[in-house]
Amino acid sequence: MAEAQLSAIDYSCGQPRKHHNLYFEDGTLVVQAERAIFKIHRSLLARYSIVIRDMLCLPSGEGHNDGTDEKPLVMNGDSALGWELLLGLQYNTPNIRSDVLKGGDLLTMLPIVH
């Protein structure tokens, strides 16, 4: 059985930058984990998580526009790798498949999906 091929790009340091594979120009939500910026589709996240769906439905305060290119929704404490794994599964990227994930991969996603 082959292993999931994860990003060799280190998003733990440096300037925040677009994720090399999970930044979609037509995305509707911008999320930052470590220094990786993901532009993804709200509807896809909401489909798989009631908690995220409810969070995205909450009205934002006046003057708050978190989740945009100008002001990404910063996920403090979450790893870029965890988001890459989770989104890779949701977007069905060819290098991340559920049948080849290891226990360590699942533990990396756990803080995000709790």
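Put His41, His20 in order of accessible area, highest first, and with a 1.4 Å probe you get His20, His41. When you count the other C-beta atoms within 10 angstrom of each residue and take the mean per peptide, 43-56, 22-35 line up highest first as 22-35, 43-56. Working from label points 7 Å from Cα in the Cα-to-Cβ sense, the Leu106 to Thr28 distance is 3.2 nm.
The values are calculated or read from the model by the stated rules, or taken from the named source; none is laboratory data. Every value quoted in this text rests on a predicted model; they were computed, and no experiment measured them. Note that we place each Cβ from the backbone using ideal geometry, even for glycine, and neighbour counts take in every protein chain shown. Remember, those area values only see protein heavy atoms, side chains included, never the ligands or the DNA or RNA. Shrake-Rupley method; radii C 1.70, N 1.55, O 1.52, S 1.80 Å.
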